[in-house]
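A short write-up of the structure that comes next.
The values are calculated or read from the model by the stated rules, or taken from the named source; none is laboratory data. Because the structure is predicted, anything quoted here is derived from the model rather than measured. Methodologically, a virtual Cβ is constructed for each residue, glycine included, from the backbone with ideal geometry; neighbour enumeration extends over all protein chains shown. Just the protein is used for accessible areas: all its heavy atoms, side chains included, with ligands, DNA and RNA removed. Shrake-Rupley method; radii C 1.70, N 1.55, O 1.52, S 1.80 Å.
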Amino acid sequence: APSPTHPPPPFHFGWKAVAMSGTKVGEPLVWKDGDSFYDHGYDDENAPDLNNRIEFPQNELYGRDEELQVLSEHFQSCSGPDVDAPVVIVSGYSGSGKSALVDHFMQRLESEQDVNFLYLKGKYESFPSPFSAIIQAFTGFCNHILQPSKSVTLQRIQLAIEESLGDQARVLVPVVPALGSILDGSNDTDFQKGIDPNPDESTHSIAKSDGAWNQLRFLFQTLLRAIGNEACPVLMFLDNLQWCDSASIGLLQALLNDKSLNNFMFVGALCENEVDRDHLISKLLEKMGKNGKVVHRISLRPLTLDEVGEFISDTLSLSVEECVPFTEAVFNKTRGNIFHTRHAIEELHRSNALYYSVIAFRWEWNLKDLATGFSDTLEESVLSKIKRAPQLLQTALLLAAYTRSTINIAMLHTLIVAYTEEPLNLKELEKLLETAVIEGLLLNSVGSSDYRFAHDRIQQAAYKLIPSGPEQNKLRLFIGKKMFELASSSPSSNGTSDDWNIFVAADHLNSLINTEEEIDTMTLIKLNFTCGEKAVAVAAYAPACVYLRLALKFLRRFKDNVWTKHYDIALRVYQTTSDVDLCLGHFDDGNELAQEVLANARNAEDKVTTWMSLSGALGRLRRHAEAKDLCKRALTEISDTPKRFHNLHFVKYDFQVKQYLKRHSDVDILCLPKLEDEKRMAELVMLNECGLRGLAGGDMMEYLFCTARQLIISFEFGLCSLVAQPLSTYAMVFNMAGDYKAA
């Protein structure tokens, strides 16, 4: 093969991708867009360079016809009444084309005019936050149907949500902020940021109790049932399931085992070489199978030699036969892994073993150089491509790799300026990142300020630009501190996808605990406690427990009495960790921490949350008498409530309630002021809990005593949401006594 006129430069920036299509002898060579090469092929002295660039086929999938057919059949089966929702797991080695297969299937469905469906897509990160991919999927779905062209779909979904969930749908807004715009029917920026302009703690937030998980599960199940129907089923695709968190596993188990969830199809993708039998997702799939749920599996095999040959033929615009020697050399190295194949071709091009001949006007190669033009591994191949980029772009990719696969340009700009300590214009960074898009390292949608790595292997290669050791530890320390600083300076809503940076910060700083890097202990306490709180806010108790236990571990490092010098943070850490342990059923651990809170809290008001958690935990263990006694002891600390309840106490309070109700109308009661006294509020909370425990234990007199006492406090000091239960109870008492008017 002839040598090229001149070798290509080491890294091509900004060149137009223009491989030529094959032509017959005597016909003018043409570009892929159909223009004559001779019309403008030699307009300037750099024209030969324009052809010296690889352009891979777009929107083409090779060797996956059978897999596409399987997906199509399962999708068709979910469009019917009372049909069990199909679950499909796509597995394969990294780079085998799992995501590309599902994306191509989705694009094929979109191209069919008579097919309507809703598509939810999310991707887990190597630094996961609770429900990250699920939240990402619902956020993308909400933003999609808010487009002007989707107004009909938007109206249908709004009506369906209103009929199925009503005002309860707003409870999910702190978790999926974009849902607020759906409920309001407008693309409100406040909701996009996770801000509810009309917050109501009692009705528009996830209950912070042991029932929060059931509430969250119910809401997501009902939401999915509402938005899909026979004419428009829902397709959910979650990528990188090997990185999913324990909270997501619990929610997926609830969704996928819900037999009433029809017109729904779930597709998950995972790297089979990163998942063993003890992995959370493996256990979930195994449990589903034992429960009778059919899990359909698609295992992606490597491409065959012929399929790789077809891909290379389309890439080089040559016949399959002409490419045989080149195809065999590439296939022997990549063994049919499509991602490896692409990078092997690019690497051969960079090493000049593959070049565009300006003499023959076609791609050619040097057979002798093919054997030595490859790196030993795929990782080295990708890394060599990154290392040919300008130093500043390498730094940008490095910092981005230590955050997540998608990063906003503004955040990346902040990181680069702080890391390099050199000024950098945002426009200059944007221009630099666009070159990475051209080179296939990053992806970016038109008009978007977010950039994402084109493949997980590219992010992993960029991550290893700095090898493990002291230098990498310093970088992780910088990233962790900076991300925590950014998260603290602009806090977002409870546990939403905007909070990913705080979890990334925790991952980096926690990894440095046993290294020589010095990290402020209080920083570690606050960071892990914040992560735990955000996880609790979305009922992700298992990951919350991990972060809170770390915060507790760091808190105990202080040699002095933490309850004396660090009372506020000690109270919050011990109390929240105890609550989470009790919610998870770890009674002994939770009780131990609770007793420490009760022993060290400075006032009764600081103990209320712990009393409530302990009482609820004892109730779940059916130890109602112990729970009731605990509440009584709490009431004696909070107020002048008698230690023992007698019938005479109830008669006294019952008389006072009935007299008040006779002298005041319903309007008078509704016009009472809002309860502001924190001590009285604490007393109401404990009376409510004590009454419920008495009722559960069969002591009706104590239940009625607590009910009457709550009403007397409310009539004297003001109303709050807790008064609804005692009022309804008294209505039943009047009804049973035959006083229907009073009831």
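Of note:
- Enumerated helices (runs of 4 or more DSSP H) restricted to the stretch 342-424, each holding at least 3 residues that are within 17 Å of PHE478 (Cα to Cα): 391-401, 409-420
- Scanning the stretch 402-418 for residues that are over 20 Å from ILE458 (Cβ atoms) and touching a residue at least 12 places away in the same chain (Cβ under 8 Å) turns up ALA410, HIS413, THR414, ALA418.
- Per the conditions (1) in contact with a Phe, Trp or Tyr (Cβ under 6 Å, 6 or more places away or on another chain); (2) open to solvent by 60 Å² or more (accessible area, probe 1.4 Å), the sole criterion not satisfied by LEU433 is (2).
- Verdict on LYS652 being surrounded by fewer than 23 Cβ atoms within 10 Å (Cβ to Cβ) and either in contact (Cβ under 8 Å) with a residue 24 or more places away in the chain or not in a strand (DSSP E or B) (or both): yes
- Reported count of residues in the stretch 530-558, each being on the phi > 0 side of the Ramachandran plot and open to solvent by 10 Å² or more (accessible area, probe 1.4 Å), is 0.
- Sole residue being open to solvent by less than 30 Å² (accessible area, probe 1.4 Å), farther than 18 Å from VAL733 by Cα, in a helix (DSSP H, G or I) and not small (Gly, Ala, Ser), chosen from VAL657, VAL667, VAL597: VAL597
- Evaluated against (1) in contact with a Leu (Cβ under 7 Å, 6 or more places away or on another chain); (2) over 23 Å from GLY95 (Cβ atoms), ALA436 falls short on exactly one condition, (2).
- Among the residues of the stretch 73-94, at least one is aliphatic (A, V, I, L, M), surrounded by 14 or more Cβ atoms within 10 Å (Cβ to Cβ), modelled with pLDDT under 90 and within 26 Å of the chain's Cα centre (by Cα).
- Of the residues making up the stretch 547-570, those that are charged (D, E, K, R) and either touching a residue at least 12 places away in the same chain (Cβ under 8 Å) or more than 20 Å from ALA599 (Cα to Cα) (or both) are ARG549, ARG557.
- Of all residues in the stretch 110-123, those that are of a type in the set (S, T, N, Q) have Cβ atoms under 6 Å from Cβ atoms of residues that are in a strand (DSSP E or B), 6 or more apart or on another chain, in ASN116/CYS232.
- Residue check, VAL562 open to solvent by 40 Å² or more (accessible area, probe 1.4 Å), among the β-branched types (Val, Ile, Thr) and over 20 Å from GLY616 (Cβ atoms): no
- Answer from LYS333, LYS287 - the residue that is closer than 22 Å to ASP456 by Cβ, charged (D, E, K, R) and touching a helix residue (DSSP H, G or I) at 6+ places or on another chain (Cβ under 8 Å): LYS333
- Any hit, the stretch 493-511, residues being within 23 Å of LEU399 (Cα to Cα), open to solvent by 10 Å² or more (accessible area, probe 1.4 Å) and of a type in the set (Ser, Thr, Tyr): yes
- Count of the stretch 526-541 residues which are under 18 Å from HIS566 (Cα atoms) and in contact with a Lys or Arg (Cβ under 9 Å, 6 or more places away or on another chain): 2
- Filter result for GLU702 (part of a helix (DSSP H, G or I), among the acidic types (Asp, Glu), within 22 Å of ALA634 (Cβ to Cβ) and at pLDDT below 85): yes
- Residue match in the stretch 576-594 (condition: open to solvent by 20 Å² or more (accessible area, probe 1.4 Å), over 16 Å from GLY532 (Cβ atoms), among the hydrophobic types (A, V, I, L, M, F, W, C) and assigned to a helix (DSSP H, G or I)): yes
- Taking the criterion of being among the aliphatic types (A, V, I, L, M) and open to solvent by 20 Å² or more (accessible area, probe 1.4 Å), the only residue of the stretch 125-146 that qualifies is LEU146.
- Check on LEU550, out of contact with any Gly (no Cβ under 7 Å at 6 or more places or on another chain), within 26 Å of ALA247 (Cβ to Cβ), in a helix (DSSP H, G or I) and of a type outside the set (D, E, K, R): yes
Quick grid of which residues meet (1) of a type in the set (A, V, I, L, M); (2) over 26 Å from VAL295 (Cβ atoms):
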{"site": "LYS121", "(1), (2)": "no, no"}
{"site": "TYR124", "(1), (2)": "no, no"}
{"site": "PRO130", "(1), (2)": "no, no"}
{"site": "ILE157", "(1), (2)": "yes, yes"}
{"site": "GLU162", "(1), (2)": "no, yes"}
{"site": "GLY166", "(1), (2)": "no, yes"}
{"site": "ALA178", "(1), (2)": "yes, yes"}
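- Failed criterion for GLY694 (all others in (1) over 41 Å from the mean Cα position of the chain (by Cα); (2) surrounded by fewer than 18 Cβ atoms within 10 Å (Cβ to Cβ) hold): (2)
- Reported count of residues in the stretch 715-728, each being within 19 Å of PRO642 (Cβ to Cβ), out of contact with any Ser or Thr (no Cβ under 6 Å at 6 or more places or on another chain) and open to solvent by less than 20 Å² (accessible area, probe 1.4 Å), is 0.
- Residues located in the stretch 513-529, provided they are buried (at least 18 other Cβ atoms within 10 Å of the Cβ) and free of Cβ contacts under 8 Å to residues at least 40 places away in the same chain: LEU524, ASN528
- Those residues of the stretch 614-628 which are assigned to a helix (DSSP H, G or I), open to solvent by 30 Å² or more (accessible area, probe 1.4 Å) and either farther than 12 Å from GLU689 by Cβ or of a type in the set (Gly, Ala, Ser) (or both), in sequence order: ARG620, ALA625, GLU626
- Qualifying residue in the stretch 687-701 (condition: in contact with a Lys or Arg (Cβ under 9 Å, 6 or more places away or on another chain), under 30 Å from ARG622 (Cα atoms) and basic (Lys, Arg)): yes
- For GLU110, the conditions (1) touching a strand residue (DSSP E or B) at 6+ places or on another chain (Cβ under 9 Å); (2) at pLDDT 90 or above; (3) within 30 Å of ILE407 (Cα to Cα); (4) open to solvent by 20 Å² or more (accessible area, probe 1.4 Å) all hold with the exception of (2).
- Put simply, of LEU687, LEU648 the only residue that is under 26 Å from LEU598 (Cβ atoms) and of a type outside the set (S, T, N, Q) is LEU687.
- Check on ASN561, closer than 21 Å to THR610 by Cβ, out of contact with any Cys (no Cβ under 8 Å at 6 or more places or on another chain) and not hydrophobic (A, V, I, L, M, F, W, C): yes
- PHE717 being more than 41 Å from the chain's Cα centre (by Cα) and either in contact (Cβ under 8 Å) with a residue 40 or more places away in the chain or at positive phi (or both): yes
- Verdict on ARG362 being open to solvent by 20 Å² or more (accessible area, probe 1.4 Å), over 30 Å from THR327 (Cβ atoms), charged (D, E, K, R) and touching a residue at least 60 places away in the same chain (Cβ under 8 Å): no
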